[in-house]
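Engineer: Mind having a look at this structure? Questions to follow.
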Amino acid sequence: MGAEQVRDGFAELYGTRPDGVWAAPGRVNLIGEHTDYNDGFVMPFALPHTAVAAVSRRTDGVLRLHSADLDTGVAELRLDELTPESDKAWTAYPAGVVWALREAGHPVTGADVHLTSTVPSGAGLSSSAAIEVVVALALNDLFELGLQGWQLARLCQRAENVYVGAPTGIMDQTASACCEAGHALFLDTRDLSQKQIPLDLAAEGLRLLVVDTQVTHAHSGGEYGKRRAGCEKGAALLGVDALRDIAYADLDAALDRLGDEEEVRRLVRHVVTEDQRVEQVVALLESGGDTRAVGPVLTAGHASLRDDFRVSCPELDLVVDTALAHGALGARMTGGGFGGSAIVLAEATDVEALTKAVGEAFTAAGLKAPRVFEAVPSAGARRLS
């Protein structure tokens, strides 16, 4: 759905034209999984799939929300009644952004919002962050708040952590707010310093495929929280602020200090080695060498997520194993895990055969066919009109 359609939908709902239309993308993470809440490194890029919002400002303390993708009507909320974790519906994400802005002292006095999104939900591609960021950007413009992308990302993360109640890191919102077309974003999640790394796979005859397993395992929320708590325990036992502070060269010594804390040892090993893998990919891409060398790093990341962090699942492993068996240069799960999507780095000439092989593997396993599409580094959040 384009900007004009969203604008027309807004007018039909609210009886007037919106003040503007904005878009914010989902993201795929090239490398750097479960490192963001450990103050570590990540390397996402924005997808062409976006959440689009038509928005007008109000001055009466009322927030009206509507999704073109859901048959739930217009939700009307009062700003002075917004309370963390009071809303379990999709409206918690945009309402949480308004709450976070007001909690930070920004003079948001109400809004009418009409939303739609092409970011696949439940695929580990940050559909919720896209909604948060598009609403934040619209309100930033309409109320002339003067906030930069990284500041909007921080507020959106607070909305999701406190208002929605999901213990996510900062990567998803920063990627949606700050990525640039044709680049991956090398982000230090401790200080939010950023570097745009050129990523033109097509020029090298390569493709990065996203394989959405269309599976979400029900235990993902609680297990995510357990992993985060385990990482925090590891940092405390090792006497550091975050696992980011354990140097790769010091990993073996750190693991020895953890003794028989086997679960914590696995979590620490993943985070420290994953940070090193991010830096390795950055070095490979910046050196101008053969991008194909990134493939084995992706595959090593999947093994770590599967064996140490234990957030993969049979469907994700099936994608990775099948892709590698049919000539992929590298593959790994992306996102929080327990379902969602995997990424596959492949020669452009192998894409058709790889896609067919993965589909056939899912059919043979009695699974619903996965959704496969090419991931092209795209623009971050922006105003459309």
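Engineer: For the range 79-95, check the following and say yes or no: at least one residue is buried (at least 17 other Cβ atoms within 10 Å of the Cβ), modelled with pLDDT under 95 and either within 14 Å of the chain's Cα centre (by Cα) or of a type in the set (D, E, K, R) (or both).
Structural biologist: Looking for residues that are buried (at least 17 other Cβ atoms within 10 Å of the Cβ), modelled with pLDDT under 95 and either within 14 Å of the chain's Cα centre (by Cα) or of a type in the set (D, E, K, R) (or both), one finds at least one in the range 79-95, hence yes.
Engineer: Still on this model: Considering each of Arg102, Arg64, Arg78, Arg154 in turn, give the residue that is among the basic types (Lys, Arg) and in contact (Cβ under 8 Å) with a residue 40 or more places away in the chain.
Structural biologist: Criteria check complete, one pass: Arg64.
Engineer: Can you name every residue in the range 280-331 that is open to solvent by less than 50 Å² (accessible area, probe 1.4 Å), under 25 Å from Arg371 (Cβ atoms) and assigned to a loop (DSSP other than H, G, I, E, B)?
Structural biologist: Phe309, Val311, Ser312, Cys313, Gly327, Ala328, Leu329 - these are the residues of the range 280-331 that are open to solvent by less than 50 Å² (accessible area, probe 1.4 Å), under 25 Å from Arg371 (Cβ atoms) and assigned to a loop (DSSP other than H, G, I, E, B).
Engineer: Sticking with this structure for a sec: Identify, from the list Gly205, Gly225, Gly182, the residue that is modelled with pLDDT under 95 and either over 25 Å from the mean Cα position of the chain (by Cα) or among the small types (Gly, Ala, Ser) (or both).
Structural biologist: Of the residues listed, the single one that is modelled with pLDDT under 95 and either over 25 Å from the mean Cα position of the chain (by Cα) or among the small types (Gly, Ala, Ser) (or both) is Gly225.
Engineer: Could you count how many residues in the range 185-194 are touching a residue at least 24 places away in the same chain (Cβ under 8 Å) and either farther than 23 Å from Val135 by Cα or open to solvent by 20 Å² or more (accessible area, probe 1.4 Å) (or both)?
Structural biologist: Residues meeting the conditions: 4.
Engineer: Further, regarding this structure: What is the number of the single condition among (1) buried (at least 21 other Cβ atoms within 10 Å of the Cβ); (2) out of contact with any Cys (no Cβ under 6 Å at 6 or more places or on another chain); (3) under 24 Å from Arg332 (Cβ atoms); (4) polar (S, T, N, Q) that Ser121 does not meet?
Structural biologist: Exception for Ser121: condition (1).
Engineer: Can I ask one more? When the residues of the range 135-176 are narrowed to those that are open to solvent by 20 Å² or more (accessible area, probe 1.4 Å) and of a type in the set (Gly, Ala, Ser), which ends up modelled with the lowest pLDDT?
Structural biologist: In this case the residue turns out to be Ala166.
Engineer: Give me the strands (runs of 3 or more DSSP E) completely within the range 1-77, filtered to those with at least 1 residues that are in contact with a helix residue (DSSP H, G or I) (Cβ under 9 Å, 6 or more places away or on another chain) and among the aromatic types (Phe, Trp, Tyr), ordered by residue number.
Structural biologist: It comes to 20-31, 41-57.
Engineer: Hey, does the range 223-240 have a residue that's in contact (Cβ under 8 Å) with a residue 12 or more places away in the chain and not in a helix (DSSP H, G or I)?
Structural biologist: No, because not a single residue in the range 223-240 is in contact (Cβ under 8 Å) with a residue 12 or more places away in the chain and not in a helix (DSSP H, G or I).
Engineer: Residues that are acidic (Asp, Glu), open to solvent by less than 60 Å² (accessible area, probe 1.4 Å) and more than 18 Å from Asn38 (Cβ to Cβ): does the range 254-268 have at least one?
Structural biologist: no
The values are calculated or read from the model by the stated rules, or taken from the named source; none is laboratory data. Computed from a predicted model, the values in this text were never measured in an experiment. Positions of Cβ are backbone-derived with ideal geometry, glycine not excepted, and every protein chain shown enters the neighbour counts. Just so you know, the surface numbers come from the protein's heavy atoms only, side chains and all, with ligands and any DNA or RNA stripped out. Shrake-Rupley method; radii C 1.70, N 1.55, O 1.52, S 1.80 Å.
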